[in-house]
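Each value in this text was obtained by applying a stated rule to the coordinates, not by laboratory testing. All of these numbers come straight from a predicted model, not from anything done at the bench. For neighbour counting, all protein chains shown are included, and Cβ atoms are generated from backbone atoms with ideal geometry for every residue, glycine included.
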Amino acid sequence: MIDEITIHGTCDPRFARMKEVFAEGFRERGEVGAAVSVVVDGETVVDLWAGHADQAKTRPWERDTLVNVYSTTKGVTALCAHRLVEEGRLDLDAPVSRYWPEFGAAGKSNLPVRQLLSHRSGLPAVRRLLPDEFLYDWDNITGALAAEEPWWTPGERHGYHAVTFGWLVGEVVRRVTGKSLGAYFQEEIAEPLGADFRIGLPDAEHDRAAEMSAIPLEAPPDGEGLSLAMTFMREPEGMAARAFMNPPSMAKGPNHAAWRRAEIPGANGHATARAIARIYGAVARGGDLDGAHVIGPEATERCRTEQSSGADAVLQIDTRFGLGFMLPQGRAGTNFGPNPRAFGHPGAGGSVGFADPEQRVGFGYVMNRMGPHILLDPRATALIDTTYDVIGKARP
């Protein structure tokens with residue numbers, strides 16, 4: 001029985017159980033505001049939202065409330081690169097310096113594009129402490145990365161490029177297209193699909209943005225949490241600390257205008273769950289939906305081909321990556337459903353989007369109460385499990 005919380009939106013009768021599980025997130029898992037959407041073979045079968053857009057619970061969560069989805073942004077950033085590969089405009093095995101000549105400094109002249117997408121380039125951070133304003137200044141931050149020496153020999157290991165991923169891939173996209181990553185994504189993918197997802201939120205849209213809570217720094221009982229705080233304290237100038245806190249202005253969080261309007265394609269996309277599910281839903285059914293094209297089946301196979309697996313030099317847990325996407329990690333609570341070939345990306349605190357081409361499923365979940373998990377949050381996992389429980393029962 002759903003009580004205390006009013007669930008808004010639509011839900012195919014087959015997926016009625018999703019309403020109850022979504023409500024449980026509020027009753028039992030501390031949700032403040034959230035939304036979930038599921039697209040199956042191009043049809044939106046779940047589109048639900050509830051709760052409040054602010055932490056004081058004075059502003060209701062609306063159908064069009066936008067959420068800062070942190071690293072869920074990386075998935076759509078990667079889609080932009082894969083679209084250029086599909087069009088023959090970008091070669092994954094070409095050196096980055098072919099497109100971005102300045103990047104060849106500090107021994108990186110032969111580093112291939114592929115290693116940017118697979119977290120193998122050795123550039124998860126800049127060593128020198130950067131001015132706060134660099135976080136919002138594209139040319140300065142990409143210039144600092146171009147000049148940086150890799151923290152490890154590129155290709156020999158992998159480590160999560162928590163924020164730099166977006167600037168590195170985004171600058172390649174900008175050099176190829178002449179458009180910023182946010183503009184290219186909006187014009188080529190989001191707008192044709194009618195997906196309410198922006199990287200670089202116009203000031204006129206800021207009132208739609210949910211207020212995010214702070215990220216809790218304690219590790220959850222399952223150990224898959226943001227226990228990096230201990231690392232930061234032990235090595236405040238080390239690689240992991242620099243990856244998450246350089247420039248130091250990252251500590252200000254996402255609830256202010258400078259963050260929202262900047263293009264930080266590894267971390268500051270603003271989206272609805274509906275938009276995330278629609279984008280991944282298009283990919284999951286061959287790349288086309290309602291006349292709009294994202295990427296085709298061949299590109300989809302590239303996205304989910306494993307590039308990196310094992311000990312992560314930054315997160316200090318085992319991780320698996322394809323080309324720009326996280327892959328199922330093979331541990332309880334870290335998979336995108338039962339399909340080992342599903343792919344997508346979670347965001348810090350709990351948001352997630354993924355595609356399952358075998359089941360033709362696109363999934364999106366967003367929230368504004370941050371959880372402590374690095375990978376999937378139990379709130380999202382419960383909704384993912386319910387989705388596949390329904391799909392399994394629906395099979396002939």
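Along the range 161-176 the Karplus relation, 6.51 cos²θ - 1.76 cosθ + 1.60 evaluated at θ = phi - 60°, assigns HN-Hα couplings of 8, 4, 10, 5, 3, x, 5, 5, 5, x, 5, 4, 4, 5, 5, 6 Hz to successive residues, with x for each Gly and Pro. Rounded to the nearest 10 degrees, the angle from helix 72-86 to the longest Cα principal axis of the chain is 60 degrees. Beta bridges per DSSP, both residues in the chain: antiparallel share near 95 percent. Using the empirical formula 2.2 N^0.38 Å as the baseline, the Cα radius of gyration of the range 314-376 reaches a ratio of 1.08. Packing here is the average count of other Cβ atoms within 10 Å per residue, and on that basis the peptides 265-273, 172-180, 303-311, 382-390, highest first, run 265-273, 382-390, 172-180, 303-311. Placing dummy labels 7 Å off each Cα toward the beta-carbon, the span from Ala251 to His206 is 2.3 nm.
Considering the range 111-225 at the alpha-carbon level, its Rg and Dmax are found to be 16.7, 46 Å.
Within the shell defined by Cβ-Cβ distances under 10 Å, the residues around Gly33 carry a net charge of -1, with Lys and Arg each +1 and Asp and Glu each -1. Extending 7 Å from Cα along the Cβ direction at Glu149 and again at Ala332 yields two label points whose distance is 4.5 nm. Put a plus charge on the Cβ of each Lys and Arg, a minus charge on the Cβ of each Asp and Glu, and nothing anywhere else: the dipole of the range 253-396 about its Cα centre is then about 340 debye.
Taking label points 7 Å from Cα along the Cα-to-Cβ direction, Asp318 and Ala94 give a separation of 3.7 nm. Which of the pairs Lys19/Lys74; Lys19/Lys252; Lys19/Lys57 have their Cα atoms more than 31 Å apart in this structure? Violating the 31 Å limit, Cα to Cα: Lys19/Lys252.
In terms of its alpha-carbon gyration tensor, the range 261-396 comes out rounded; the largest-to-smallest axis ratio a/c stays below the 1.5 threshold. The magnitude of the dipole of the chain, with charges of +1 and -1 set on the Cβ of Lys/Arg and Asp/Glu and taken from the Cα centre, is near 380 debye.
Across the chain, Cα-Cα pairs farther apart than 26 Å form 48% of the total. Sequence-ordered 3J(HN,Hα) estimates for the range 313-329 from the Karplus curve with 6.51, -1.76 and 1.60 and θ = phi - 60° stand at 5, 9, 6, 6, 9, 7, 9, 10, 9, x, 8, x, 10, 6, 10, x, 8 Hz, glycine and proline given as x.
Each residue of the range 135-150 was assigned a 3J(HN,Hα) from its phi angle through the Karplus curve 6.51 cos²θ - 1.76 cosθ + 1.60 (θ = phi - 60°); the sequence is 4, 10, 10, 4, 5, 5, 6, 6, x, 5, 5, 4, 7, 6, 7, x Hz, with glycine and proline shown as x.
Only one residue of Cys303, Asn255, Val69 has its Cα farthest out toward the positive end of the dipole of the chain, where Lys and Arg carry +1 and Asp and Glu -1 on Cβ, and that residue is Cys303.
Ordering Gly155, Asn246, Ala382 by the projection of their Cα atoms onto the charge dipole of the chain, which places +1 on the Cβ of Lys and Arg and -1 on the Cβ of Asp and Glu, puts Gly155 at the extreme positive end. Gyration tensor analysis over the Cα atoms of the range 5-92 returns equivalent ellipsoid semi-axes of 32, 18, 10 Å (largest first, whole Å).
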